[in-house]
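The values are calculated or read from the model by the stated rules, or taken from the named source; none is laboratory data. Treat the numbers as computed from the prediction; the structure is a model and nothing was measured. Cβ: placed from backbone, ideal geometry, glycine included. Neighbour counts: every protein chain shown. Accessible surface areas use protein heavy atoms only, side chains included; no ligands, DNA or RNA. Shrake-Rupley method; radii C 1.70, N 1.55, O 1.52, S 1.80 Å.
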Amino acid sequence: LQHYRFNDYTSSLYRLVWSRFCDWYIEVIKPILNDQDHPDRAETKACAEYVLCTILKLLHPVTPFVTEELFHQLSGQNTAMLIHAIWPKADNIHYNAARAEDMTRMCALITTVRSMKVSMDIAPASKCALNPKDFPPSDQAMFTDYARAMYFLARITLDHADFPHQVRFPFKDDLVHL
């Protein structure tokens with residue numbers, strides 16, 4: 001914005017909002033938010049609200065009327081105008097590179113499994129089993145930490161049984177090995 005390159009600014013925001021927040025973040029947290037008894041539900045909801053409000057602040061220079069209305073709907077009518085809100089700063093944000101890499105690998109795995117299902121004409125709701133032992137040790141935490149999200153987003157289940165390949169899909173009455 002400082003150099004008036006609004007096309008770069010809006011393109012970056014589009015990728016952030018659509019490709020990260022909407023495509024992945026919201027989808028990953030849905031199982032947590034839908035589970036009334038999940039221990040991380042309140043924290044996850046608060047974090048999502050914070051991120052959404054920050055996104056609205058970032059979008060405000062290019063879509064002022066829409067973001068102002070959304071901001072007031074989310075935060076209540078008695079709040080100050082969004083145009084007067086403090087601009088977000090990235091200097092005090094804790095960035096966990098290992099978690100970011102886990103998320104990147106999980107997203108790539110889910111995208112690959114979904115693509116394989118489509119190319120093999122397998123219903124998206126069909127379960128597939130992955131054997132975590134077939135993946136490098138660096139991916140083991142991903143399987144533990146994101147098992148619920150992987151099941152919710154691609155019907156990936158963890159199968160510790162020995163089988164010859166990394167992925168198998170139930171297809172008709174047989175298992176398709178990839």
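Things worth noting here:
- Test: residue in the stretch 28-42 that is surrounded by 15 or more Cβ atoms within 10 Å (Cβ to Cβ) and among the polar types (S, T, N, Q): no
- Any chance residue 52 is of a type in the set (A, V, I, L, M, F, W, C), within 16 Å of the chain's Cα centre (by Cα), modelled with pLDDT of 90 or more and farther than 19 Å from residue 85 by Cα: no
- Segments classed as helices (runs of 4 or more DSSP H), wholly inside the stretch 59-165, with at least 1 members that are at negative phi and surrounded by fewer than 13 Cβ atoms within 10 Å (Cβ to Cβ): 64-75, 97-119, 140-145
- The single condition from (1) at pLDDT 90 or above; (2) exposed (fewer than 12 other Cβ atoms within 10 Å of the Cβ) that residue 20 fails is (2).
- Test for residue 6: is it at pLDDT below 90, surrounded by 15 or more Cβ atoms within 10 Å (Cβ to Cβ) and over 23 Å from residue 102 (Cα atoms): no
- Within the stretch 43-53, the set of residues being more than 21 Å from residue 104 (Cβ to Cβ) and open to solvent by less than 40 Å² (accessible area, probe 1.4 Å) comprises 53 only.
- Selection of the stretch 11-58 for residues being among the acidic types (Asp, Glu) and not in a helix (DSSP H, G or I) yields 35, 37, 40.
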